[in-house]
């Protein structure tokens, strides 16, 4: 990577943007030159915090023409319009997950960036979590043999009275939607990760997903992958945890919990989120946010040493990778096509 700093414009200053902003404190090869949000008070506060120019209309930010990469961190329903505007200005673009709400919009995003010959980076940040990354390394080395099953479940919350779904600006009413830690907004990560860990595409799905505006209920998704492995996701954010007081661990990183609140590094988590991977010769338990990994090859689980930045520092690792691709003129590690594939599999649950 060269020593030249890349100029970044951030469009959308909601919750995920705040996590991304932390990442810039860890990097010296990127500089934020402009930020944008429809809320003027938020723009004012963030622009002063990062010493950047503030806008309430992304078209004005793009017209300034002084950025190398635009980070689109707005709600998914707005991604197509904004990404197409970025590409039209010849600016490379990072698009948060999900890439879009509809498959047509997702495909249009990829097409617009190809036509404009700009790089499109898809925000599958789980690939940059140390525990997930190390798990893939172990899988590729043959440590657990052939993958048979991958699972994740997030079940808890504080009951239906405290349940909150993401508003229609994220996921329009009567279409796929739900809470921040549900199948659509969170499970999209796992669809991509299950394919990435196993090295196989999702070939068929079944399940039940929440509809935006509908009452809270349980969600599930079963995936069949091309290599014969299965992937299972189970979510419910409107009930109560069954975790016992002596279960859990101290978190080695920040984490989003079932109710979408944030746990800080060092905090005790009674029921930390985890991914289980079962193979023909062993198994892995991946505590992706808590930053712990356990390998069992028949003699009980043993903890694996991890390197890299735990959450939310993994956003910095992701940004470094994007910057490297721009400066070395390489293909993005995580592409728009990856985002389209994950969305297509997700929407299969609703068909």
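The values are calculated or read from the model by the stated rules, or taken from the named source; none is laboratory data. Bear in mind that the values here come from a model prediction, so they are computed numbers and not experimental data. Cβ coordinates were reconstructed from backbone atoms using ideal geometry, including for glycine residues, and neighbour counts include every protein chain displayed.
A few remarks follow.
- Residue 228 being in the same structural domain as residue 172 (by TED's automatic domain parsing), at positive phi and in a strand (DSSP E or B): no
- Residue in the range 201-214 that is surrounded by fewer than 17 Cβ atoms within 10 Å (Cβ to Cβ), under 20 Å from the mean Cα position of the chain (by Cα), part of a loop (DSSP other than H, G, I, E, B) and at pLDDT 95 or above present: yes
- Scanning the range 43-56 for residues that are closer than 20 Å to residue 169 by Cβ and touching a helix residue (DSSP H, G or I) at 6+ places or on another chain (Cβ under 9 Å) turns up 46, 55, 56.
- Some residue of the range 177-199 being part of a strand (DSSP E or B) and in contact with a strand residue (DSSP E or B) (Cβ under 7 Å, 6 or more places away or on another chain): no
- Filter result for residue 246 (surrounded by fewer than 22 Cβ atoms within 10 Å (Cβ to Cβ), in the same structural domain as residue 197 (by TED's automatic domain parsing), over 22 Å from the mean Cα position of the chain (by Cα) and modelled with pLDDT of 95 or more): no
- When the range 69-81 is filtered for residues that are assigned to a helix (DSSP H, G or I) and either without any contact (Cβ under 8 Å) to a residue 12 or more places away in the chain or crowded, with 23+ Cβ neighbours inside 10 Å (or both), the ones remaining, listed by number, are 76, 79, 81.
- Single match in 169, 144, 139 (criterion: surrounded by fewer than 18 Cβ atoms within 10 Å (Cβ to Cβ) and in contact with a helix residue (DSSP H, G or I) (Cβ under 8 Å, 6 or more places away or on another chain)): 169
- Test for residue 280: is it modelled with pLDDT under 95 and either out of contact with any helix residue (DSSP H, G or I) (no Cβ under 7 Å at 6 or more places or on another chain) or surrounded by fewer than 14 Cβ atoms within 10 Å (Cβ to Cβ) (or both): no
- Positions within the range 264-288 being closer than 12 Å to residue 143 by Cα, more than 22 Å from the chain's Cα centre (by Cα) and outside any loop (DSSP other than H, G, I, E, B), in sequence order: 278, 279, 283
- Any chance residue 260 is more than 25 Å from residue 147 (Cα to Cα), out of contact with any strand residue (DSSP E or B) (no Cβ under 9 Å at 6 or more places or on another chain), modelled with pLDDT under 95 and buried (at least 17 other Cβ atoms within 10 Å of the Cβ): yes
- Restricting attention to the range 175-210, the residues that are touching a residue at least 40 places away in the same chain (Cβ under 8 Å) and farther than 24 Å from residue 134 by Cβ total 16.
- Residue satisfying all of: in the range 7-16; in contact with a strand residue (DSSP E or B) (Cβ under 9 Å, 6 or more places away or on another chain) and at pLDDT below 95; farthest from residue 66 (Cα to Cα) among these: 15
- When restricted to residues that are surrounded by 14 or more Cβ atoms within 10 Å (Cβ to Cβ), over 15 Å from residue 69 (Cα atoms) and free of Cβ contacts under 8 Å to residues at least 40 places away in the same chain, the range 19-43 contains 4.
- Residue in the range 180-187 that is assigned by TED's automatic domain parsing to the domain that holds residue 297 and farther than 17 Å from residue 345 by Cα present: yes
- Scanning the range 322-336 for residues that are in contact with a strand residue (DSSP E or B) (Cβ under 8 Å, 6 or more places away or on another chain) and not in a loop (DSSP other than H, G, I, E, B) returns 322, 323, 325, 326, 327, 335, 336.
Every residue, every condition in (1) in contact with a helix residue (DSSP H, G or I) (Cβ under 6 Å, 6 or more places away or on another chain); (2) over 30 Å from residue 199 (Cβ atoms); (3) surrounded by fewer than 19 Cβ atoms within 10 Å (Cβ to Cβ), yes or no:
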{"position": "237", "(1), (2), (3)": "no, yes, no"}
{"position": "240", "(1), (2), (3)": "no, yes, yes"}
{"position": "254", "(1), (2), (3)": "no, no, no"}
{"position": "268", "(1), (2), (3)": "no, yes, yes"}
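- Flag for residue 56 being closer than 19 Å to residue 14 by Cα and surrounded by 23 or more Cβ atoms within 10 Å (Cβ to Cβ): no
- Any hit, the range 155-165, residues being at pLDDT 95 or above and within 25 Å of residue 330 (Cα to Cα): no
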